[in-house]
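The structure appears below as structure tokens.
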């Protein structure tokens, strides 16, 4: 480990930041990190052209944290992200890397959450603000001096920001910051609009371009399943009923999650154990040896705890929690498919994690097929098959060795051989449900929507001559149509409405249906479930400086 961390140390990173990345198991700088960190530490503006999954968050977070002054209780670094999911992900990374820096605070500023806690964190002196443009402009409308002390600016996924229509918001944000700041821009592509921003707002930027490696994993069958966050343990238990595995490693994000899931598995009779950073080295070695020799079948681990784990009998990897980046995903599923064997990797995806799934597919250049959670009939079939396989070897000489005892028990109890066999089966299976009706009564698990919906949107406004005559397009099941008085004459395009609703409402892109921009108003299709709560979140939202005023549309 000393040699690998030496690679980061040679870049000039602060010793406390080095200690933090050592604690989470970072081994060596990625290409974007090796090139970008010295440039940022040197005080230069920079354009980084890199795909998600190349390690770019650490490429700007590590040098910025190395230059933050913890003694100054004021905003010093601003990171702008196009979506709340990415903002939360980046904020989490900053919190992880700053754990050894006492006094450094991080706040995530995004729509769909109360402004009060965000304002409080800023007032208390958070030095790092990770924000979506729309919500940050709302904060600036209340405090125009909010960004007056910013020394470092990062635009993360700038091309996505412009696709979502945040150009006007970005200009407001640029104007609110000191011109003397250091600016860094990351973008997967560099269209003309991005180059225009760089030319206007960056000072002699250095340009770094990293080609994303195409990562493929041979011999590993991959699939994902859509589940709700609070159903993960039940989903894992359901999958274990039908998956034919020898040994399995389940990945989660936190130490507590390793304990919770391992306890749930043990309660169901599985030979399982937790593996996390709090476990002593000698105990870790015992867990791995037990997995190798069959005393354990399942290990529930965090990414850090599983580094270097190489057990040939692991046939399955369950990604119970989504990894933070595609590289971690590749490392995880590489725990199976060892020694030329086949492997199977399953990924549980919550509705808000669809975007990261798409990133994983793009970076690995592999489609992660969608699978379905097993239904009651499949669970029943699997239970009966396991019971059959366990009893079949015992039948051959059972009548010879236990026939007389059977006759005695039947006589003593006063029952038929069939009734006695049924009683013994009940005892052998610990009362496990073995009829379809019984299995269906067990704790229900409601899967999320299946294949990803394709949202139909159009940026083209209606022509004035037909805008009022056209009848609204029929709604898909589960959607409601809402109306805003903002339209084409207000300079509004569909992407502007999409960006505002995504960030302020906290929705995944797939949740928003067709957007119809007309001359004097626009129609937006939103989920019927929870619509009133969503509209409440959006009540103060502004688009292009004007209030959205989104309301349910009555089609009378």
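Couple of notes before you dig in:
- Candidate set: the stretch 62-87, residues that are more than 25 Å from residue 143 (Cβ to Cβ) and within 22 Å of the chain's Cα centre (by Cα); chosen: the one modelled with the highest pLDDT: 62
- Positions within the stretch 524-556 being assigned to a strand (DSSP E or B) and over 13 Å from residue 496 (Cα atoms), in sequence order: 525, 526, 527, 551, 552
- From the list 83, 96, the one residue that fits, being more than 28 Å from residue 195 (Cβ to Cβ) and in contact with a helix residue (DSSP H, G or I) (Cβ under 8 Å, 6 or more places away or on another chain), is 96.
- Here the condition is being within 15 Å of residue 18 (Cα to Cα), surrounded by 18 or more Cβ atoms within 10 Å (Cβ to Cβ) and at pLDDT below 95; of 97, 110, it holds for 97 alone.
- Residue match in the stretch 41-49 (condition: buried (at least 19 other Cβ atoms within 10 Å of the Cβ), over 29 Å from residue 503 (Cβ atoms) and at pLDDT below 95): no
- The selection criterion, being under 31 Å from the mean Cα position of the chain (by Cα), buried (at least 16 other Cβ atoms within 10 Å of the Cβ) and outside any strand (DSSP E or B), holds for residue 497.
- Filter result for the condition that a residue is touching a strand residue (DSSP E or B) at 6+ places or on another chain (Cβ under 6 Å), in contact (Cβ under 8 Å) with a residue 24 or more places away in the chain and assigned to a helix (DSSP H, G or I), over 383, 332: 332
- Residue, nearest to residue 356 (Cα to Cα), within the stretch 1-30, restricted to residues that are surrounded by fewer than 17 Cβ atoms within 10 Å (Cβ to Cβ) and modelled with pLDDT of 85 or more: 19
- Residue 138 being surrounded by 17 or more Cβ atoms within 10 Å (Cβ to Cβ) and within 24 Å of residue 205 (Cα to Cα): no
- Matching option when the condition is surrounded by 10 or more Cβ atoms within 10 Å (Cβ to Cβ), under 21 Å from residue 234 (Cβ atoms) and either outside the structural domain of residue 240 (by TED's automatic domain parsing) or touching a residue at least 40 places away in the same chain (Cβ under 8 Å) (or both), among 366, 377: 377
- Residues being in a loop (DSSP other than H, G, I, E, B), in contact (Cβ under 8 Å) with a residue 40 or more places away in the chain, under 23 Å from residue 29 (Cα atoms) and not assigned by TED's automatic domain parsing to the domain that holds residue 498 are entirely absent from the stretch 112-135.
- Of the numbered criteria (1) part of a helix (DSSP H, G or I); (2) more than 25 Å from residue 530 (Cβ to Cβ), the one residue 69 fails is (1).
- Residue in the stretch 158-180 that is within 30 Å of residue 371 (Cα to Cα), buried (at least 18 other Cβ atoms within 10 Å of the Cβ) and not assigned by TED's automatic domain parsing to the domain that holds residue 332 present: yes
- Some residue of the stretch 227-250 being touching a residue at least 12 places away in the same chain (Cβ under 8 Å) and under 22 Å from residue 136 (Cα atoms): no
- Residues being touching a helix residue (DSSP H, G or I) at 6+ places or on another chain (Cβ under 7 Å) and farther than 14 Å from residue 78 by Cβ - total across the stretch 139-162: 3
- Scanning the stretch 286-329 for residues that are out of contact with any helix residue (DSSP H, G or I) (no Cβ under 9 Å at 6 or more places or on another chain), part of a helix (DSSP H, G or I) and either surrounded by fewer than 21 Cβ atoms within 10 Å (Cβ to Cβ) or at pLDDT below 90 (or both) yields 286, 287, 288, 289, 290, 292, 293, 328.
The values are calculated or read from the model by the stated rules, or taken from the named source; none is laboratory data. Just so you know, these numbers come straight off a predicted model, no measurement behind them. Backbone-built Cβ (ideal geometry, glycine too); neighbour counts: all protein chains shown.
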